[in-house]
């Protein structure tokens, strides 16, 4: 009697599924309920992750503003835009964890490596989107200011920034939210934050404490999202009021 060649594969699949289901059952049974007894270590890791995210976002935005402006092809000459775009492309080429490994080797373990890694990621993301936003603006305001003899900085301040301010605030708040998530990831490679404690808890099979950290990270990300939305709404409301007065 001939058997189907697919029969061994089906049997192997069910064996694999049975083992996977058994392992998952043991894992989740040890994951809950969460253990918050070591709350001091938890709070310290969350605080460090928050500091890394805020500092990296601030530095990244401050660096991305001039780089993105220089990368805008409708305002800058060719010899300025292409080096700026190459720099943005380099910053966007690697995942923050890979960049974190490089900075851990260069700067050592700790939050400084995490800040540097996420700053590079922020420059790549904000710089690219800011340059694209500038390239989509109406040049009528820019040409009108140039016709009055306005300086370059006045042209940027009054002709360019008002047209991209709302989008830029969206980019900045999204990057802060992204850095909050990534700050937990770079800690796994030793770049500070709660990621290091999370990785160590996994290695110790301390799954109830892992669950506590995961829930805390979710709460941190949710609060960061709410705060970023409120900040963006305040800035957009002010810009709308200023535009209405003019």
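Going through 219, 231 one at a time, which residue ends up being under 22 Å from the mean Cα position of the chain (by Cα) and at pLDDT 75 or above?
Of 219, 231, the one residue that is under 22 Å from the mean Cα position of the chain (by Cα) and at pLDDT 75 or above is 219.
In this structure, does residue 155 turn out to be on the phi < 0 side of the Ramachandran plot, outside any loop (DSSP other than H, G, I, E, B), surrounded by 16 or more Cβ atoms within 10 Å (Cβ to Cβ) and at pLDDT 90 or above?
For residue 155, the condition - on the phi < 0 side of the Ramachandran plot, outside any loop (DSSP other than H, G, I, E, B), surrounded by 16 or more Cβ atoms within 10 Å (Cβ to Cβ) and at pLDDT 90 or above - is not met.
Mind listing whichever residues of the stretch 113-136 are over 23 Å from the mean Cα position of the chain (by Cα) and either part of a helix (DSSP H, G or I) or surrounded by 19 or more Cβ atoms within 10 Å (Cβ to Cβ) (or both)?
135
Which of the residues spanning the stretch 45-58 are within 18 Å of residue 214 (Cβ to Cβ) and without any contact (Cβ under 8 Å) to a residue 60 or more places away in the chain?
Residue satisfying the conditions is 47 alone.
I'm trying to understand the selection: among the residues of the stretch 137-152, which are closer than 13 Å to residue 69 by Cα and either touching a helix residue (DSSP H, G or I) at 6+ places or on another chain (Cβ under 6 Å) or in a loop (DSSP other than H, G, I, E, B) (or both)?
137
Return a yes/no flag: does the stretch 68-88 have any residue that is within 14 Å of the chain's Cα centre (by Cα) and either surrounded by 14 or more Cβ atoms within 10 Å (Cβ to Cβ) or under 21 Å from residue 169 (Cα atoms) (or both).
Taking every residue of the stretch 68-88 in turn, none turns out to be within 14 Å of the chain's Cα centre (by Cα) and either surrounded by 14 or more Cβ atoms within 10 Å (Cβ to Cβ) or under 21 Å from residue 169 (Cα atoms) (or both).
Test residue 175 against the criterion of being touching a helix residue (DSSP H, G or I) at 6+ places or on another chain (Cβ under 8 Å), modelled with pLDDT of 75 or more and either crowded, with 17+ Cβ neighbours inside 10 Å or assigned to a helix (DSSP H, G or I) (or both), and give yes or no.
Answer is yes for this residue.
The values are calculated or read from the model by the stated rules, or taken from the named source; none is laboratory data. These numbers come from a predicted model, not from an experiment. Don't worry about glycine lacking a Cβ; one is built from the backbone with ideal geometry, like all the others, and counts go over all protein chains shown.
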